[in-house]
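**Student:** My questions will all concern the structure given below.
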């Protein structure tokens, strides 16, 4: 990987995948189909795209107490992202990945990055999120 940025780990792990970035917040409750991992909110810029296996990058969660349950179901169905990277902490969003480790011995890595670093990243970048090293390394899209 060519570029490295600092991240603050919230749910530990090391994963790799392609970034799927949204400048909009995401509501998992009613906005993502847990059976397919596809964004179903027709007003969302990622409408029709799959989050499965992606490093999902968006500013912060769009509040719903049901978000952890949707994320848990995404993990159970194996349709969820490998990581969620945000600029601002949403405690409800973190709960799903934490619980998934306990129930399914599987988890979604969650970390925070700075707004300036968020602005540098784009959909399609290959990246590695390593919370032990507190870094996200990426290769920009050519």
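The values are calculated or read from the model by the stated rules, or taken from the named source; none is laboratory data. All figures in this text were calculated on a predicted structure; none of them were measured in a lab. Because the Cβ atoms are built from the backbone with ideal geometry, glycine has one as well, and the counts that use them run over all protein chains shown.
**Student:** For the condition over 18 Å from residue 25 (Cα atoms) and without any contact (Cβ under 8 Å) to a residue 24 or more places away in the chain, what is the one hit in 75, 98, 141?
**Tutor:** 141
**Student:** If you don't mind, another one. Of the residues that sit in segment 25-45 and are under 13 Å from the mean Cα position of the chain (by Cα) and assigned to a loop (DSSP other than H, G, I, E, B), which one is nearest to residue 106 (Cα to Cα)?
**Tutor:** Among those that are under 13 Å from the mean Cα position of the chain (by Cα) and assigned to a loop (DSSP other than H, G, I, E, B), it is 37.
**Student:** Quick one: which strands (runs of 3 or more DSSP E) lie wholly within segment 55-142 and hold at least 2 residues that are surrounded by fewer than 22 Cβ atoms within 10 Å (Cβ to Cβ) and either modelled with pLDDT of 95 or more or touching a strand residue (DSSP E or B) at 6+ places or on another chain (Cβ under 9 Å) (or both)?
**Tutor:** 126-130, 135-139
**Student:** Name every residue in segment 1-23 that is without any contact (Cβ under 8 Å) to a residue 60 or more places away in the chain and loosely packed, with under 15 Cβ neighbours inside 10 Å, in order of residue number.
**Tutor:** 23
**Student:** Out of the residues in segment 25-36 that are surrounded by 15 or more Cβ atoms within 10 Å (Cβ to Cβ) and out of contact with any helix residue (DSSP H, G or I) (no Cβ under 7 Å at 6 or more places or on another chain), which is farthest from residue 64 (Cα to Cα)?
**Tutor:** Here the answer is 33.
**Student:** Taking segment 114-137 only, how many residues are under 13 Å from the mean Cα position of the chain (by Cα) and more than 21 Å from residue 45 (Cα to Cα)?
**Tutor:** Adding up the residues that qualify gives 4.
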